[in-house]
Amino acid sequence: MLRARIAFLIVALFAVGIVVRTVILQWVEGDQWRQLAEETIFKYRKVSATRGNIFADEGSLLATSLPFYKLAFDPTVSSDELFGEKIDSLSLLLSGFFKTYSATEYKRRITDARLGGKRYLTLSRKMIDYQAKKEISQWPIFRNGQMRGGVIFEKADRRFKPFSILGERTIGYVNENNKGAGLEYSFNKILAGQDGEALFRKMSGGSWKPVFSGEDVKVRHGYDIHTTININIQDVAEASLMAHLEEHRADRGCVILMEVKTGEIKAMANLERLENGRYAETYNYAVGNQGLTEPGSTMKLASMMALLEEGGFDVDDSINTGDGTYYFYDNARPMTDVKPEGYGVLSARQGFEKSSNIAVSRLINDEFSKKPERFVDYLNTFGLSEPLGFQIIGEAVPKIKTPDDPTWSGLSLPWMSIGYEIELAPIHTLAFYNAVANNGKMVQPIIVKEVRKADKVVKEYESKVLREKVCSENTLAVLRSLLEGVVLRGTARNIRNANYSIAGKTGTAQKLKNGRYTRQYYTSFAGYFPAGFPKYSCIVVIDNPKGFRQYATDVAAPVFKEIADKIYALDLNMHEALGEEVNFKPGHFPLVQAGNHEDLNLVLNRLGVSNHYSGEEDVEWVRARGVNSSIRWRSVDSNPGLVPDVRGMTLRDAIFLLESRGLKVRFSGDGRVQRQSLNPGTKALKGSSIKLDLKG
């Protein structure tokens, strides 16, 4: 009886406890537990914005975001029957595709996870693209989807550059810490957009489904930026720079090419020699601090500008350069010329064209030694002492020494006049030369023209005018004649050609290491073309070339000409128009060798010359065979995998045809193609070089 009463009392107390606990849960802790349950089922999650694209000037994609996926698996979802029947074939496919584990090991890992109730298993850390995702979605078990098959594709956008390493450093990057370089970093806020936040509900199987809520933070996808970069010119610049860096085994080099009037940069290439001997874009030497260096003789243009602006100076005045060695100030350091025995007496024009250090530094020292601050003021007026405000973050700040500097000495002025004790980045030197080409107007170089949302222009960028006039009209006329003289008669006469004129200046500066100037050189060529009506300005820098040829004449100037030649060949607007009427002597038959069938047919028809092709199908490229007073065409090999026969073609046609086969073209001479280094009909290996010899 006692035991029964005790049992009854225990049951009663237990029942009361349940009631009390229920009351507490419902009325005291109810809100807390309801909120916890709600938070477990509903959760605000980040919605990632899609990064904007980067475009070239003609609309080609330079960088875009593509979806990639990580493959994961919930092995507990599928039925026992489906799992048992398909796990072997699934494991075999996983092993063959990812090659991370054997099929046996994949099966063991998946089976163990299923038995252990593990609802999330990473099958591979390798990211796959959309096409691979579509393929994997049809594999056994996975084809049943996430809810019944357990397959999980975790999406993550990755940056993709369709032109691979072309302009790699200029395009740049942004890492996971929002640090980076180039356009990607400089325009990161515009490209990145703004992530959103949305309410999601957790579903069975662990997936999350968005729930529309008025409190969602809407995602704002990134805008696109449209650059001034021209893919064809960029490719030409990089290929030429690469070839000459390899030829001279140089440490690094850069090229900038821009339109004279607009300041739009059409190409910017930077290459550096790696430990393995190959070259890659690792830093923007054209713009950044590591490219800040003593420019050497390209600075002589500013010195001549200062002399002409000061007045009382004529480029036909004479200056004695002596035996090639001259001492300034305290005779502590000799100024020398390249010619060992010296140039003797020269006119100032000849001194500039031959790049005589002694001639230019003596002229500057004679004029400004008692008022050195006046010379520095001129450099400031010319726009050489200030940053350009370039759109890519990290632009170097020019360093122009002043008489107030504690390191200033009696040697500073003459050495500054020839490009020492001054530091400029290549983009600063180019902007100055571009001003001379642009009738004295210094414009700000730009590389981004527009920000767009789809087809709608959100923001436009225009080049600012930094200096309306860097010097007088009279000074400009003299300077342009001096720059043309360098190519016609001076240190760059090796790049003179008959088709169009080039104006520019070579620069070779000894490199300073540990306070001493070494036998290592910083070579450059800055200028513009065509000289009479400048359309493009360009600077080429090659740092520390090796071998017998180490001066700008043989190292940097040929790169400039090679780039200019290809641009001239492709840009018909730069060619002088022929007269409307072309008269031939009676009985004189026009020279026709090879080229584009449509073009040649049109010309010969206009001249009244009979020409025929006997093939059944239309052809694009043909070779001529004279038959009496008519032309018979035969087809040039159209197989895109083989090297075509371009002998007899104009340079323009040859470049177009060869580059369409993936070949990189180098050439020498003028006229039509006489010889080609790769035999016609051999396999055209994409990226390989072909040398053309031209003859008029």
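Just so you know, all these numbers are worked out from the coordinates, no wet-lab data involved. All figures in this text were calculated on a predicted structure; none of them were measured in a lab. Cβ sites come from the backbone with ideal geometry, for glycine too, and all protein chains shown count toward neighbours.
What translational D, rounded to a whole number of µm²/s, comes out for segment 594-695 from Stokes-Einstein when the hydrodynamic radius is the Kirkwood one over Cα pairs, at 37 °C and 0.692 mPa s?
Working: Rh = 14.2 Å.
The calculation lands on 232 µm²/s.
Taking the Cβ-Cβ separation of S677 and L570 as r and a Förster radius of 22 Å, what is the calculated FRET efficiency to the nearest 0.05?
On the way: r = 21 Å, r/R0 = 0.95.
E between S677 and L570, to the nearest 0.05, is 0.55.
Once amide H atoms are placed 1.01 Å from N in the peptide plane, what residues at a sequence separation of 5 or more from I446, or on another chain, have their amide H within under 5 Å of its amide H?
E264, I265
Taking Cα pairs under 8 Å and at least six residues apart, what relative contact order does segment 232-572 come out at, in percent? Mind dumping the intermediate values first?
Numbers: 721 pairs, mean separation 75.0, N = 341.
Taking the mean separation of contacting Cα pairs over the length of segment 232-572, I get 22 percent.
Quick one: if you stick a label point 7 Å off each Cα along the C-beta vector at E309 and R125, how many nm between them?
The answer from the label model is 5.9 nm.
Which of F548, L82, Y120 sits farthest toward the positive end of the charge dipole of the chain, with +1 on the Cβ of Lys and Arg and -1 on the Cβ of Asp and Glu?
L82
Does anyone have the angle between helix 300-310 and the longest principal axis of the chain? Alpha-carbon axes, 0 to 90°, nearest 10?
That works out to roughly 60 degrees.
Read phi for every residue in segment 552-557 and hand back ³J(HN,Hα) as whole Hz from Karplus 6.51 cos²θ - 1.76 cosθ + 1.60, θ = phi - 60°, with x for Gly and Pro.
Going residue by residue, I get 4, 3, 9, 10, 8, 4 Hz, with x marking Gly and Pro.
Mean separation of Cα pairs under 8 Å and 6+ residues apart, divided by the residue count of segment 213-366: what relative contact order is that in percent?
14 percent
Residue by residue through segment 443-457, which ³J(HN,Hα) values in whole Hz follow from phi under the Karplus form 6.51 cos²θ - 1.76 cosθ + 1.60 (θ = phi - 60°), with glycine and proline marked x?
With the stated coefficients, segment 443-457 comes to 10, 6, x, 10, 10, 10, 9, 9, 10, 10, 10, 6, 8, 8, 6 Hz.
Against the 2.2 N^0.38 Å scaling, with N counting residues, where does segment 102-158 land? I'd like the Cα-based Rg ratio to two decimal places.
On the way: Rg = 12.2 Å, N = 57, 2.2 N^0.38 = 10.2 Å.
In units of the 2.2 N^0.38 Å rule of thumb, it is 1.19.
I need I655, I393 ordered by Cβ neighbour count within 10 Å, fewest first. Before the final figure, lay out the partial values.
Values: I655 22, I393 16.
Listed from fewest to most nearby Cβ atoms, that is I393, I655.
So if we plug the beta-carbon distance of Q520 and S610 into 1/(1 + (r/R0)^6) with R0 = 45 Å, what FRET efficiency do we get, rounded to 0.05?
Working: r = 63 Å, r/R0 = 1.40.
About 0.10, to the nearest 0.05.
On a full-extension model of 0.36 nm per residue, what is the gain between R496 and D112, subtracting their alpha-carbon distance, rounded to one decimal in nm? Before the final figure, lay out each step's value.
On the way: separation 384, 0.36 × 384 = 138.24 nm, distance 7.58 nm.
Once the chain is fully extended between R496 and D112, it gains 130.7 nm.
From the square roots a ≥ b ≥ c of the eigenvalues of the alpha-carbon gyration tensor of segment 65-162, which class results: rounded (a/c under 1.5), prolate (a/b over b/c), or oblate? Walk me through the intermediate numbers first.
Numbers: a/c = 1.96, a/b = 1.72, b/c = 1.14.
Taking the square roots of the gyration eigenvalues as a ≥ b ≥ c, segment 65-162 is prolate.
Gain in length, K456 to K469, computed as 0.36 nm per residue apart minus the alpha-carbon separation, to one decimal in nm?
On the way: separation 13, 0.36 × 13 = 4.68 nm, distance 3.56 nm.
My answer for the length gained is 1.1 nm.
Tell me what the chain gives for mean residue ellipticity at 222 nm when only DSSP H runs of n ≥ 4 count, each as -39,500 (n - 2.57), the sum divided by the residue total, rounded to 500 deg cm²/dmol.
Details: 20 runs with 217 residues, N = 696.
Result for the chain: -9500 deg cm²/dmol, rounded to the nearest 500.
Two-decimal Rg/Rh of the chain from alpha-carbon positions, Kirkwood Rh? Mind showing how you got there, number by number?
Numbers: Rg = 35.6 Å, Rh = 30.9 Å.
Using Cα coordinates only, the ratio equals 1.15.
According to a simple spin-label model (label point 7 Å from Cα along Cα-to-Cβ), what is the distance in nm between T402 and S630?
The two pseudo-label positions are separated by 8.1 nm.
May I ask you to order 319-327, 285-293, 422-430 by the average number of other C-beta atoms within 10 Å around their residues, highest value first?
Details: 319-327: 16.7, 285-293: 21.7, 422-430: 25.9.
Highest mean packing first, the order is 422-430, 285-293, 319-327.
Over the chain, what is the relative contact order in percent, taking alpha-carbon pairs closer than 8 angstrom and at least six residues apart? Let's see the in-between values first.
Details: 1355 pairs, mean separation 70.2, N = 696.
This gives 10 percent for the chain.
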